[in-house]
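I'd like to ask you about the structure that follows.
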Amino acid sequence: MSLKEELIELRLSTGMNKAQFARYFGIPYRTYQEWELGGRRVPEYLLHLMAYKIEVEKLGKSNGGA
């Protein structure tokens, strides 16, 4: 699975839309949009940190969150 696909899957697991997800992490919406569209590549370390934060804060649907 590509980083782009992992990012989309991570966002969907929270139930947030793109704008909410970008705002939650303090990422400019346009930057986030480019990551999902494939115009820019999300840094792998950042994707891992976002997944960790979601896991710790229990936001993912698989963890019984939102």
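The values are calculated or read from the model by the stated rules, or taken from the named source; none is laboratory data. Note that the structure is predicted; figures quoted are calculated from it, not measured. Positions of Cβ are backbone-derived with ideal geometry, glycine not excepted, and every protein chain shown enters the neighbour counts. These area figures cover heavy atoms from the full protein model, side chains too; ligands, DNA and RNA do not enter into them. Shrake-Rupley method; radii C 1.70, N 1.55, O 1.52, S 1.80 Å.
Hey, could you check segment 29-48 for residues that are among the aliphatic types (A, V, I, L, M) and closer than 13 Å to SER2 by Cα and say which is most open to solvent (accessible area, probe 1.4 Å)?
The qualifying residue most open to solvent (accessible area, probe 1.4 Å) is LEU37.
Still on this structure: Which residue is modelled with the lowest pLDDT, if the candidates are limited to segment 54-66 and must be within 13 Å of the chain's Cα centre (by Cα) and open to solvent by less than 70 Å² (accessible area, probe 1.4 Å)? Walk me through how you get there before you give the answer.
In the first step, residues of segment 54-66 are kept if they are within 13 Å of the chain's Cα centre (by Cα); the result is 54-55, 59-60.
Now restrict to residues that are open to solvent by less than 70 Å² (accessible area, probe 1.4 Å): 54, 59-60.
Numbers: ILE54: 94, LEU59: 74, GLY60: 64.
For segment 54-66, the residue satisfying everything is GLY60.
Now a separate question. Considering segment 1-28 alone, what residues qualify as being under 21 Å from GLU57 (Cβ atoms), free of Cβ contacts under 8 Å to residues at least 12 places away in the same chain, open to solvent by 50 Å² or more (accessible area, probe 1.4 Å) and assigned to a helix (DSSP H, G or I)?
Those that are under 21 Å from GLU57 (Cβ atoms), free of Cβ contacts under 8 Å to residues at least 12 places away in the same chain, open to solvent by 50 Å² or more (accessible area, probe 1.4 Å) and assigned to a helix (DSSP H, G or I): GLU9, LEU12, GLN20, ARG23, TYR24.
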